[in-house]
Amino acid sequence: MGVVFTFVFCTVTFSNYQKNIYDSETPDEEMCQSMMECIMKLFVSGAIGESMEGFEIVRYSYDMIYFIFFEILFGNIISGIMLDSFGSLRERNNALVEDKENYCYICNISRETVEKSQKSFYDHIKGNHFLWNYVFFIYFLNAKPATDYSGL
């Protein structure tokens, strides 16, 4: 949307204010050959949002619309999207940390349920369901030949 908005403004500026983007020493030679080059020259030459030779209410209004909509509005939209993305990442990280601290990874029993039965949650996750024992067991099964498996 920002690219389209800039393209439209640059097209209107190029068609109405060509005198601002021509080189002052060689007025008959254009400074740009393609539309993309013209868009870049409009920003570099200051044809959009730059001072004018005399005050023109139409040009002033045009520059103010560009400044308000593009520089302020689009800038705030982009900043809002970035802040919202970081906020959702933080919320997801907090949910993972809370899940890790309050639920057993192996049996998914909550800390509250384990502690109601007069047991320590720490002892439950480090003693009864020590995660690394399950990892070692899976490694052992993968390293063992399939013909040596027992019924259990």
Members of the range 54-70 found to be out of contact with any Gly (no Cβ under 8 Å at 6 or more places or on another chain) and assigned to a helix (DSSP H, G or I), listed by number: Ile57, Val58, Arg59, Tyr60, Ser61, Tyr62, Met64, Ile65, Ile68, Phe69
Residue satisfying all of: in the range 103-116; polar (S, T, N, Q) and out of contact with any strand residue (DSSP E or B) (no Cβ under 6 Å at 6 or more places or on another chain); nearest to His129 (Cα to Cα) among these: Asn108
Near pairs, Cβ below 6 angstrom, 6+ apart or cross-chain, from the range 130-143 (closer than 17 Å to Cys107 by Cα) to any residue that is of a type in the set (A, V, I, L, M, F, W, C) and at pLDDT 90 or above: none
The lone exception for Ile77 - which of (1) assigned by TED's automatic domain parsing to the domain that holds Phe130; (2) among the aliphatic types (A, V, I, L, M); (3) more than 30 Å from Phe130 (Cβ to Cβ) it fails: (1)
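This table checks each residue for (1) modelled with pLDDT of 90 or more; (2) aliphatic (A, V, I, L, M); (3) within 18 Å of Glu98 (Cα to Cα).
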{"position": "Phe121", "(1), (2), (3)": "no, no, yes"}
{"position": "His124", "(1), (2), (3)": "no, no, yes"}
{"position": "Gly127", "(1), (2), (3)": "no, no, no"}
{"position": "Asn133", "(1), (2), (3)": "no, no, no"}
{"position": "Phe136", "(1), (2), (3)": "yes, no, no"}
{"position": "Tyr139", "(1), (2), (3)": "yes, no, no"}
{"position": "Asn142", "(1), (2), (3)": "yes, no, no"}
{"position": "Ala146", "(1), (2), (3)": "no, yes, no"}
{"position": "Ser150", "(1), (2), (3)": "no, no, no"}
Residue tally, condition loosely packed, with under 12 Cβ neighbours inside 10 Å and of a type in the set (Lys, Arg), over the range 90-125: 4
Number of the condition not met by Tyr105 [criteria: (1) without any contact (Cβ under 8 Å) to a residue 24 or more places away in the chain; (2) hydroxyl-bearing (Ser, Thr, Tyr); (3) over 30 Å from Cys10 (Cβ atoms)]: (1)
Members of the range 108-119 found to be under 16 Å from Val97 (Cα atoms) and assigned to a loop (DSSP other than H, G, I, E, B), listed by number: Asn108, Ile109
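The values are calculated or read from the model by the stated rules, or taken from the named source; none is laboratory data. Being a predicted model, the structure only gives us computed values, none of them experimental. Methodologically, a virtual Cβ is constructed for each residue, glycine included, from the backbone with ideal geometry; neighbour enumeration extends over all protein chains shown.
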